[in-house]
Amino acid sequence: MNYRQLGRTPLKVSPLCLGTMTFGREADRDASAAMFRRCREAGINFFDCADIYAQGESERILGELVRDCRDEVVITSKVYYAIGKKLQPVGLSRSYILSACEASLQRLGTDRIDVYFVHHFDEKTPLEETLGALNDLVRQGKIRFAGASNFAAWQIEKALGISAGQGWARFECIQPMYNLVKRQAEVEIFPMAQAEKLGVITYSPLGGGLLTGKYGEERPSSTGRLSTDDIYQRRYGDRWMHEAVRSFVRLANGNGTDPASLAVAWAAHHPAVTAPIIGARNVEQLEVCLAALSVKMTPELYREVSSVTPTPPPATDRSEEV
C-alpha cells in the first residue's frame, strides 16, 4: 500500500478511504465489522464518518471498531446537521460546534478526531465564529485538523484568509463531490487545493451507484439510492448522464474491468485527489471498490475514460486556441 500525505498534515493515509454512512443503516454491526476488517486487511487506514450518519449510530459502530487500533487509523467526523431530523441544518455557531464535537467524541469513544469537517457552508453564521471555534478545538487537542465539506472554492479561500489573518488553525482538508458525471470540482476546487496544499478526499465516486451500470432501462434496479432516494434521483437523473454511463460501461467491459472499480480508479487518478471515499453495504460490494487499487490507470486509459463526459469549461469560461 502506497500511503499518501494528507495535505500539509503529518497524517499518512491510504489511497482509498472507507465511508461509514452505511454503518448502522444498510449495514448492521456484523456487516460493518466485516467491512472494517476487510479494509484493514487491504491496508486501508482511513475512515470517514459524520454525526448525522444513521443518527449517530455510524459513529458508535466506528468507535467500537477502532478501539483496539485507534493509533493506527485516521478517522473523521462532521458537524452541521441536526441528529434526529433528516438533513435539517443546525449550523456552525460556536456553541453548536463545541457541543456537537463533544457528543461525537463520546459516540466514537476517543479523545480526538483526526479531521473534523464542517459538513456544509453556513450562510447565517460568520465564518470568523466558525473558524474560531474550530481553532479552539485544535488547541484543546479534541480535533487534530479542521476540514470543509461541500464548500465552494471561494468559500474555502475566504476561510483560509481569515485563519491566516488571525493566526488560527486553518482548513487542511476538503471533501467535495467528484465522479465522472460530476466534474465541477475540476474547475476551481482542485486547482485551489493544489495551490494551497490541501488534502482532498472526494465522495460519491460511483455517482450514487449510477456508474456501476446497474441502473437504466437495460438493467433496472429496485434497490439502491438511485431507486429509493429523491435526492440522488434529482442529482443523477439527467438523461445525458445515463447515456454517458452506457458508454462508460462498454469501455470498462472492453478493458476487462468492473465499471465500479474503473470509476473509483479514475477519480483517484486526478493529481489533486488524496483519496476517494468508497462505500458499501457488504463485503461483496466493498471488494469491487477495493479492486480499484489494482487498476492500471495509464494516461491513455485515463484520457479515454475522461472523454466519456464533457470536460467542464475553465473558470473564466474562456480558452485560447493554440
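Miscellaneous remarks
- Legend: ranking of residues LEU198, LEU18 from fewest to most surrounding C-beta atoms inside 10 Å; resulting order LEU198, LEU18.
- Net length gained if the chain between SER247 and GLU320 were fully extended (0.36 nm per residue, minus Cα distance): 23.4 nm
- Taking the Cα centre of segment 54-154 as reference, the dipole from Cβ charges on Lys and Arg (+1) and Asp and Glu (-1) amounts to some 180 debye.
- Relative contact order, whole percent, for segment 168-219 stands at 43, derived from Cα pairs under 8 Å and 6 or more residues apart.
- Taking the DSSP beta bridges with both ends in segment 1-92, the antiparallel portion is around 40 percent.
- The fraction of all Cα pairs in segment 1-155 landing in successive 10 Å bins from 0 to the largest distance is 11, 42, 36, 11, 0, given as whole percents.
- Neighbour counts of other Cβ atoms within 10 Å put THR22, THR76 in the fewest-to-most order THR22, THR76.
- Relative contact order [Cα under 8 Å, 6+ residues apart], the chain, whole percent: 18 percent
- Size check on segment 66-114: the Cα extents along the three principal axes, sorted descending, read 33, 22, 15 Å.
- Each part reduced to its alpha carbon centroid, segment 232-282 and segment 99-164 end up 30 Å apart.
- Partner lysines for LYS78 [C-alpha distance under 30 Å; skip if fewer than 8 residues away on the same chain]: LYS12, LYS86, LYS124, LYS142, LYS158, LYS182, LYS197
- Convex hull per residue volume in Å³, alpha carbons only, for the chain: 142 Å³
- Given charges at beta-carbon only (K, R positive; D, E negative), |dipole| of the chain in Debye: 280 debye
- DSSP bridge pairs, segment 4-175: antiparallel proportion in percent, nearest 5: 15 percent
- The sum of -39500 (n - 2.57) across all DSSP H runs of n ≥ 4, divided by the residue count of the chain, sets its helix-only mean residue ellipticity at 222 nm to -12000 deg cm²/dmol.
- Using a Förster distance of 41 Å, the FRET efficiency for GLN106-ARG234 (Cβ separation, nearest 0.05): 0.75
- Selection from GLY208, ALA153, GLY91, by position along the positive dipole direction of the chain (Cβ): GLY91
A short reminder: the numbers here are calculations on the coordinates, not readings from a lab. Computed from a predicted structure; not experimentally measured. For neighbour counting, all protein chains shown are included, and Cβ atoms are generated from backbone atoms with ideal geometry for every residue, glycine included.
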